[in-house]
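Structure first, commentary second.
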Ligand code: ADE
């Protein structure tokens, strides 16, 4: 059974393109995921398909009405029991990370609601959505780009989506570390050489070098990740060595 992702948006046209290319395009072709983009306006019962209104209590911004969002999500729900999650994209949500993407990838059906205008009627948050997700501490004009970010992060984790079987396991964050530097041919480009160790053919030496580089990069750029990463005895030894070199 493919995973189904339904997106509720006022701007369906924004979704043309990103899901046809690359890994996500291939995942769709392979039948790993089925994506439906649904226009919230189609679920408005009002004249001119109105979906927003003034904020009770005053203020300049418009608020998205509860009724069309409830009607749309209810129409999209699985007809039978299924592992389903309704997500609202909002800067007020919990920050997206790799663990959250992995968690969402385990559902059979995701409904992603894109917020817009000044906000969404609070009853949507309280009584309809299961969780609220933010893609970072900045404000975008709507939840559409954030929804696409979540979808990309989730879809590439679906079994079979990545060509190399271990791609998703070894990449940044899956292990809790940043990735080590990578090189491809030529061995020398404009006088800059690929580190000798990578040309040595000694797999064990290369493995240790890569791990050390990943640890070094994480320590330099994202020390916060190291605190949560699952580190082996070997990793701790390498970190000690790296810290020693820094202090020299
Ligand atoms: N809508 C507007 N900004 C957002 C953000 N940073 N994350 C999720 N949804 C948003």
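The values are calculated or read from the model by the stated rules, or taken from the named source; none is laboratory data. Just so you know, these numbers come straight off a predicted model, no measurement behind them. Ideal geometry is used to build each Cβ from the backbone, glycine not excepted, and the neighbour counts take in all protein chains shown.
Only one of 160, 176 is closer than 30 Å to residue 15 by Cβ, in a loop (DSSP other than H, G, I, E, B) and under 25 Å from the mean Cα position of the chain (by Cα). Can you tell me which? Steps first, please.
Working: 176 fails: closer than 30 Å to residue 15 by Cβ.
Checking each option against the conditions leaves just 160.
Cβ-Cβ contacts under 7 Å between residues 6 or more apart (or on different chains), taken from a first residue in the stretch 131-148 that is touching a residue at least 60 places away in the same chain (Cβ under 8 Å) to a second residue that is within 6 Å of the ligand (Cβ to nearest atom), are listed as 142/115; 143/89; 143/90; 143/115; 147/89.
Residues that are in contact (Cβ under 8 Å) with a residue 24 or more places away in the chain, over 23 Å from the mean Cα position of the chain (by Cα), surrounded by fewer than 18 Cβ atoms within 10 Å (Cβ to Cβ) and under 15 Å from residue 121 (Cβ atoms) occur in the stretch 71-84; there is at least one.
Please state which one of 31, 59, 25, 17 is out of contact with any helix residue (DSSP H, G or I) (no Cβ under 9 Å at 6 or more places or on another chain) and assigned to a helix (DSSP H, G or I). Step through it out loud before you land on a result.
Details: 31 fails: assigned to a helix (DSSP H, G or I); 59 fails: assigned to a helix (DSSP H, G or I); 17 fails: assigned to a helix (DSSP H, G or I).
Of 31, 59, 25, 17, the one residue that is out of contact with any helix residue (DSSP H, G or I) (no Cβ under 9 Å at 6 or more places or on another chain) and assigned to a helix (DSSP H, G or I) is 25.
Residues that are within 6 Å of the ligand (Cβ to nearest atom) and buried (at least 21 other Cβ atoms within 10 Å of the Cβ) within the stretch 139-151 comprise 143, 146, listed in sequence order. Of all the criteria given as (1) more than 16 Å from residue 154 (Cβ to Cβ); (2) in contact (Cβ under 8 Å) with a residue 60 or more places away in the chain, the one not satisfied by residue 47 is (2). Just so you know, in the stretch 94-116 the residues that are closer than 23 Å to residue 63 by Cα and crowded, with 19+ Cβ neighbours inside 10 Å include one that is farthest from the ligand (Cβ to nearest atom), and it is 111. Does at least one position in the stretch 117-138 carry a residue that is surrounded by fewer than 16 Cβ atoms within 10 Å (Cβ to Cβ), near the ligand (Cβ under 8 Å from one of its atoms) and either under 15 Å from the mean Cα position of the chain (by Cα) or at pLDDT below 95 (or both)? Yes, that holds for at least one residue.
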